[in-house]
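To start, the structure itself, in structure tokens.
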């Protein structure tokens with residue numbers, strides 16, 4: 001799965017100069033994707049993004065923006081430009097191979113139905 | 001001749017666009033979600049950028065009427081609560097800008113649109129907050145209307161918008177309850193305090209109802225937004241639902257709503273209310289409300305006063321990066 005919202009967008013943002021992007025300040029603070037671990041034992045999950053001048057400020061801003069109510073015990077910030085996403089145009093094809101391989105799922109094996117502890 | 005050929009070519013959608021449209025239609029028909037990298041109709045993208053950025057701007061401008069009362073809040077507890085609430089509004093604005101950026105419009109461009117007066121924000125924030133009771137009325141009625149509007153938006157077809165709304169809705173319920181409590185305490189206080197609460201409700205009632213937007217007959221974009229599963233209910237449906245909720249809640253407050261036309265219509269299953277002054281709504285939206293100029297001036301001032309902070313932080317980050325390169 002593509003991770004951040006922006007990352008999935010990385011390609012259009014970089015390559016398509018939409019009319020709306022006119023007047024964009026190239027010196028603007030870079031974009032960071034924020035991941036929050038809500039409690040010990042769970043993975044970091046993508047929460048959103050923010051702008052910050054450097055990684056240190058990004059972590060601080062992420063704390064203020066995404067954990068105002070004890071939502072996290074750990075934060076990751078990643079420069080949005082550093083995330084590589086699967087090709088959005090490939091749609092289904094990229095994930096084609098697992099399809100039709102039902103035998104990779106336990107539910108494929110029905111003959112053992114009713115047998116205990118199996 | 002050459003130009004003519006070109007024009008004809010442009011009029012015919014490319015194979016890629018056709019495939020994109022078919023895929024988009026399928027996702028909408030399945031009531032699934034569109035994600036940032038998906039192909040989407042240009043109008044869908046534009047509608048979202050407009051709606052989401054207006055929403056973000058509203059949160060940012062919405063900080064002003066309440067921030068105005070932080071220094072005058074009647075107790076340390078109320079001050080702390082109000083600060084937390086104003087901080088939340090800033091947070092909501094940032095969640096929404098972040099979601100809007102996924103559509104390809106950079107943050108500073110969105111910000112500039114607000115500063116230049118090219119972008120709109122909710123008409124409600126152009127009304128003054130005259131008394132402490134207004135903090136109560138804003139929480140109960142304005143945030144209440146916002147919640148009624150926003151809960152269905154959690155299921156908006158654009159993924160990042162829906163996710164931002166989920167986060168916002170969780171936090172808004174604190175806003176509404178604290179407003180209700182302010183009014184309840186005033187209502188149970190001295191006659192003068194009760195009058196202050198009633199006066200605030202009287203002033204915010206109609207503007208809060210207008211937050212749902214023009215009537216369905218006067219809201220040309222609604223239909224398309226509903227077809228795209230961005231909007232789930234019409235303006236009038238949401239407004240009617242909200243009237244039903246507050247006409248019950250106001251009894252607990254021991255106050256009244258300034259509208260003697262409120263009644264439940266058994267046939268339509270809708271709550272009805274008195275006529276709203278739509279001329280006033282359009283005037284405020286066009287920038288001629290009681291506080292438009294003041295709000296925009298304050299916003300520009302804050303942006304300009306923060307310029308040195310943004311520059312210093314960028315310069316410091318730059319210096320650190322250069323040092324790291326040398327080392």
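What follows draws every value from the coordinates through simple rules; no lab data is involved. On a predicted model such as this, the values are computed, not experimentally measured, just so you know. Positions of Cβ are backbone-derived with ideal geometry, glycine not excepted, and every protein chain shown enters the neighbour counts.
The table that follows gives values for the structure above.
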item	result
Using alpha-carbon coordinates, inclination of helix B:235-253 to the longest axis of chain B, degrees	30 degrees
Neighbour-count ranking [beta-carbon atoms within 10 angstrom, fewest first] of B:135, B:83	B:83, B:135
Three-way shape call for the stretch B:80-150 based on the alpha-carbon gyration tensor, with the a/c threshold at 1.5	prolate
Rg(Cα) / (2.2 N^0.38 Å) computed for the protein assembly as shown, rounded to two decimals	1.11
Ascending count of other beta-carbon atoms within 10 Å, so fewest first, for B:310, B:203	B:310, B:203
Cα centroid separation - the stretch B:110-136 against the stretch B:147-194, whole Å	17 Å
Angle between chain B longest axis and helix B:42-61 axis [Cα atoms, degrees, rounded to 10]	40 degrees
Pairwise FRET efficiency - residue B:217 versus residue B:16, Cβ, R0 = 35 Å, nearest 0.05	0.35
Nearest 10 degrees, 0 to 90: helix B:191-210 Cα axis against chain B principal axis	30 degrees
Burial order of peptide ranges B:211-217, B:297-303, B:124-130 (average beta-carbon count within 10 Å, highest first)	B:124-130, B:211-217, B:297-303
Estimated FRET transfer efficiency when R0 is 51 angstrom, pair residue A:93-residue B:195 (beta carbons, to 0.05)	0.15
Expected 222 nm ellipticity per residue - DSSP helices of 4 or more, -39500 (n - 2.57), all of chain B, to 500	-21000 deg cm²/dmol
Cα shape, the stretch A:35-86, gyration tensor, a/c 1.5 rule	oblate
Peptide A:44-57, shielding by other chains (average Cβ, 10 Å cutoff)	5
Full-stretch length increase - residue B:325, residue B:43 - with 0.36 nm per residue and alpha-carbon distance subtracted	97.0 nm
FRET efficiency, residue A:110 to residue B:29 (Cβ-Cβ, R0 30 Å, nearest 0.05)	0.40
Ranked by how many other beta carbons lie within 10 Å on average, peptides B:190-196, B:255-261, B:50-56, B:145-151 from highest	B:50-56, B:145-151, B:255-261, B:190-196
Translational diffusion coefficient (Stokes-Einstein; Kirkwood radius from C-alpha pairs) of the stretch B:170-327 at 10 °C, 1.306 mPa s, in µm²/s	80 µm²/s
Shielding by other protein chains, B:310-323, mean Cβ within 10 Å	3
Shape of chain B, Cα gyration tensor, a/c cut at 1.5	oblate
